[in-house]
Structures are given as structure tokens and as C-alpha cells.
1. I'm told Ala152 meets every condition in (1) in contact with a Gly (Cβ under 8 Å, 6 or more places away or on another chain); (2) of a type in the set (A, V, I, L, M); (3) part of a loop (DSSP other than H, G, I, E, B) except one. Can you identify the failing condition by its number?
2. How about region 120-147: which of its residues are closer than 19 Å to Ser287 by Cβ and either of a type in the set (Asp, Glu) or within 8 Å of the chain's Cα centre (by Cα) (or both)?
3. Residue check, His252 against (1) outside any strand (DSSP E or B); (2) surrounded by fewer than 20 Cβ atoms within 10 Å (Cβ to Cβ); (3) within 25 Å of the chain's Cα centre (by Cα), all met but one. Which one?
4. Could you please find all residues in region 39-53 being under 32 Å from the mean Cα position of the chain (by Cα) and surrounded by 14 or more Cβ atoms within 10 Å (Cβ to Cβ)?
5. Check Leu117, Leu113 and return the single one that is buried (at least 17 other Cβ atoms within 10 Å of the Cβ) and either at pLDDT below 95 or under 26 Å from Phe286 (Cβ atoms) (or both).
6. Tell me, please, whether a residue that is in a strand (DSSP E or B) and crowded, with 18+ Cβ neighbours inside 10 Å can be found in region 75-91.
7. Whether any residue in region 223-235 is polar (S, T, N, Q), surrounded by 16 or more Cβ atoms within 10 Å (Cβ to Cβ) and under 25 Å from Ile96 (Cβ atoms) is what I want to check.
8. Given region 1-67, what helices (runs of 4 or more DSSP H) lie entirely inside it while holding 1 or more residues that are aromatic (Phe, Trp, Tyr), farther than 19 Å from Ile78 by Cα and not assigned by TED's automatic domain parsing to the domain that holds Arg140?
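The values are calculated or read from the model by the stated rules, or taken from the named source; none is laboratory data. Computed from a predicted structure; not experimentally measured. In this analysis, Cβ positions are derived from the backbone assuming ideal geometry, glycine residues included, and neighbour counts consider all displayed protein chains.
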Amino acid sequence: MQRENFNDILAFLAVARERSFTKAAAQLGVSQSALSHAISGLEARLGLRLLTRTTRSVSPTEAGERLVLTVAPRFEEIEAEMEALTEFREKPAGTIRITASEHAVSAILWPKLAKFLRHYSDIKVEITVDHSLIDIVAQRYDAGVRSGEQVAKDMIAVRIGPDMRMAVVGAPSYFAKRPPPKKPQDLTDHKCINLRLATYGGLYAWEFERGGRELKVRVDGQLVFNGTAQMLNAALAGFGLAYVPEDAARPHLTRGRLKRVLEDWCPPFPGYHLYYPSRRHSSPAFSLLVDALRYRR
């Protein structure tokens, strides 16, 4: 195969991954027309259609999907090996991409990164705030951050934070008009602030446990958000009850701006973990970052 074909394959993989010529062109730094021409040339040389194009979407054909599954991992291995060569440099360097929830970034990642990055000016970190459980390998992230119980078993997981608890909270003005719930089932009679999970497109069911008994409650209310900060702001304004990480609510609880209920139904659970593929060749920069984020009691 001619060398220029490798560039065309990389162009195809970018479009197949992003499902968009616009996003892929921006990522590769080329025009959409040049990108389309490269892929059309690749299809002509192979004698196969690799992408199905409509006015609204782009998706791989069966042949294109096979090319993604068989060829993409090999290019990733080459990139990993090239990145691993940075160990021969005098200073650790490179860009590390991480996906994490809003709360994980504010509570764990940023406080530690602020200290770490001051000592390594050649290391860059790109963080994407996302609550969905995405495939970090397919989306080309170096690592993700989720609670320990959400990490897939084929990943290496490193604890970066203490155990966590959730808290059901509401403003004093809200409770002035309604009695506090005594049990999780009572939440169906309250206005609650919902969280939408991007992974499933549905609303998060509030999870409770006491004495080995587990409950999930579907709540209702006027507001739906996809971030903790917005849910807290709505609760502070008296729009209903919010189900948020305990540490995020603690400052408002201390000041009396929020009141907590159902505390005995919210046991601790495994805290945040940094996770990454077991086959990943760790660069010096990545190894240093993992060590800096590692939770130490």
C-alpha cells in the first residue's frame, strides 16, 4: 500500500469516530472538501463504500466498521509507542486527555492538578466534563474518572479520592411549606430536582440503602439538569429537593442555607477512581500524573 493511503485511513477513522465530517475536519486541521476527497479516493482504491452519508449523519458501512475494528487499534499502538519514547527526553512532556464528571473535577482533579502542573510545564492536561459512561478507548481518552463501582473490570483503577456519600437536601424555605420526607418513598410527594444521564438519555433514579435494603426512587419536579452545581443552586432557591454529593452540599448545610433529610438512607460508597486501559503503555508524564492523583489516607 502506498504511504499516502495511511493518511487517508487516518482521515476515515477520524470521520468514523466523530460521525461527522465537520468535527473530523476540525480535529485534523483540514477542510471538509479535502477530507471528503481523501476518503472518496480511499473508497475508489479499495472498490468499497466505507461510509454511509445522509444529510443529517455519517456512519460506517459494514466494510467500514470492519476497518475501524481491525485497523484503528494498530494505529493506537503506534501512537502509544511513539508517546512512550518521551521517556528519553530530559523532561516529561505530552498531552493527557481525561474525561470526568463535574463534581470529580471540582472536588478532586483540579485541586491536585493545580499543584502538579506548576512543577511540569511541558505536560498538558485536557479535561472533558461528562457524566456519561463513555468508551475511553474509542473516544481516545487517556483516562477517565468515575466512582469505584462504575469502573469496568478490564480497566486499571487507581483510587484518587476518599469514600463518598450522597445527600438529599432542600432549602429552609422549601421545608417551611412541606414536611420533610421520613422514608425514600415519601419523595414521590415532593418537588425534586432531577439529573439527566447522557449515557442513557433518561433521568437518574435516586438510590438509597439501609440495613441491606436497596431502593431506587423515580422523582418528579419542575427542573432537570445535568450538573451538580445547577442542582444545588435550584435547591438553594427553594425549587425542591436535590440529591447531590455530601461534600458539595456541606458548606451550605454548615451555614444553614440547606437542610438534610434521609441521612440514614445514604451510606458511604467507593470514591473516585482514575481508570485507564490495561494495555496502555504509560508515558513518564502519565505515570507522574497518576502518582500525583493517587489517594493517600
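1. Against the list (1) in contact with a Gly (Cβ under 8 Å, 6 or more places away or on another chain); (2) of a type in the set (A, V, I, L, M); (3) part of a loop (DSSP other than H, G, I, E, B), Ala152 comes up short only on (1).
2. Asp122, Glu126, Asp142, Gly144, Val145, listed by residue number.
3. Result: His252 fails condition (3) only.
4. Scanning region 39-53 gives Ile39, Leu50, Leu51.
5. The unique qualifying residue is Leu113.
6. Scanning region 75-91 turns up no residue that is in a strand (DSSP E or B) and crowded, with 18+ Cβ neighbours inside 10 Å.
7. yes
8. Result: 21-28.
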